[in-house]
1. Can you list the HN-Hα couplings for the stretch 47-53, worked out from phi with the Karplus curve (6.51, -1.76, 1.60; θ = phi - 60°), rounded to whole Hz and with x for Gly and Pro?
2. Between Ser308 and Lys191, how high is the FRET efficiency from 1/(1 + (r/R0)^6) when r is the Cβ-Cβ distance and R₀ = 35 Å? Nearest 0.05.
3. Of Pro231, Ala190, Ala66, whose Cα points farthest to the positive end of the dipole of the chain (charges on the beta-carbon: +1 Lys, Arg; -1 Asp, Glu; origin at the Cα centre)?
4. Putting +1 on Lys and Arg Cβ atoms and -1 on Asp and Glu Cβ atoms, find which of Leu139, Ile170, Leu116 reaches farthest to the positive end of the dipole of the stretch 91-181.
5. Can you compute 3J(HN,Hα) from phi for each residue in the stretch 322-338, using the Karplus curve 6.51 cos²θ - 1.76 cosθ + 1.60 with θ = phi - 60°, rounded to whole Hz and x for Gly and Pro?
6. Count charges around Glu104 for me, please; just the other residues with Cβ under 9 Å from its Cβ, Lys/Arg as +1, Asp/Glu as -1.
7. Once phi is turned into ³J(HN,Hα) by the Karplus curve 6.51 cos²θ - 1.76 cosθ + 1.60 with θ = phi - 60°, what whole-Hz value does each residue of the stretch 6-12 show in order, with x for glycine and proline?
8. Are any of the pairs Lys124/Lys191; Lys14/Lys171; Lys78/Lys141; Lys171/Lys276 more than 29 Å apart by Cα-Cα distance, and if so, which?
Amino acid sequence: MAKWTKAKQPFVDKIKEAKRAEDFFIDIGTTKATQERMLKKRYQGMAKLVHPDLNPGVEEANLVLAALNILHEEAARKIADGTFGKSLATITFKDRKTSKTIEELKPLTRGDIADLYTGRLDGKKVVLKITSDAGDSDLIKNEATVLRKLAEAPDADHFMKYLPKLIDSIKLDNKQTNIFEFVEGSHTLAKVLSLYPDGIEGRHIAWIWRRLLEVSIWAHLNGQLHMAIIPSNILILPANHGIKLLDWCYSVPMASTAKAIVPEYEEFFPPEARLKKMARGGFDLFMIAKCVRNMIEGTEGAKKVGWSSKAPSLFTGIVAACLISNPSMRYHLAQEVYDQLKKNVEKLYGPPKFIPFELPA
């Protein structure tokens, strides 16, 4: 497997670490004309530097170029509306008849359709999910609608702990925005997988898997599919073995077609997503199984055909049954998967026992 040259690696690292356009496209001027000219020059130079055709054998070249393109699109959009490089430290919005202020606003990360920021509202830390493109406003609105619907569903008092807590859904500078409670001590599954490149210990896979199935059972019983269960949308709370299933933007009622596919995680989506066929519970179970396979084998190992010798056979059988390409032959009831997993976990590890999940420093 080829690697980046020493000369290119620092630039690649900067692209991967950038949380917003301003983190990468630095010192490109203050006037609109200068910014447009400098952005074009910098982007073209960097695109040539990291382009897959000029870096044969470098597996992540496509992802790095995609990340650069996202940064470039964000910069171009901000330059066009005059917000490039401007501080968002404090913003004010109207909550019904009352004006409220979000302070200490800082960029957190970029999603596929939104930019995420942290801030403080009424003294409490929050996360703002601000749509990147006005064309995706309906997805941000859909997330708020779904979360409010589930909050009114039977047993919500128990199961809403697995979902992000929506504080409000508003418009900021004409951009649809959802505001959520910040979750301390949490990490995305994507981050956890990066800390365990060879896979996660089976007992910890078991409780993460069971939590995902528990919330899926409840959501499905209430007629809702998540449709985007990928590592970046699963929040892990190691201290108390908790999870939160994030990003309900793509959620649809049972027996609907997929709204979209997240390009970075295209392989996590079942065939019916691309074929625009009606989805049932097996859609979410397929995606959960993909996440589990990554937890067992590690991100790189999961790309290989078959299973390694370290994979517990009592896990792999369930995963395989959830990953059958033909949806009519696949598991569709999350309760069935949960019951089988529970039996298999007891065979493997005995009665339930809390074992601390400590992440590497």
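1. Using θ = phi - 60°, the values come out as 4, 5, 5, 10, 4, x, 5 Hz.
2. Values: r = 23 Å, r/R0 = 0.65.
Result of the calculation: an efficiency of 0.95.
3. Ala66
4. Value: Ile170.
5. Per-residue couplings from phi come out as 7, 9, 4, 4, 6, x, 6, 9, 8, 3, 10, 9, 4, 5, 5, 5, 4 Hz.
6. Neighbourhood net charge equals +2.
7. 4, 5, 8, 3, x, 5, 4
8. Details: Lys124/Lys191 25 Å; Lys14/Lys171 31 Å; Lys78/Lys141 22 Å; Lys171/Lys276 31 Å.
The pairs that break the limit, which is 29 Å between Cα atoms, are Lys14/Lys171; Lys171/Lys276.
FYI, it's all coordinate maths here, none of it is from the lab. Only a predicted model underlies this, so the values are computations on that prediction, with no experimental measurement involved. Methodologically, a virtual Cβ is constructed for each residue, glycine included, from the backbone with ideal geometry; neighbour enumeration extends over all protein chains shown.
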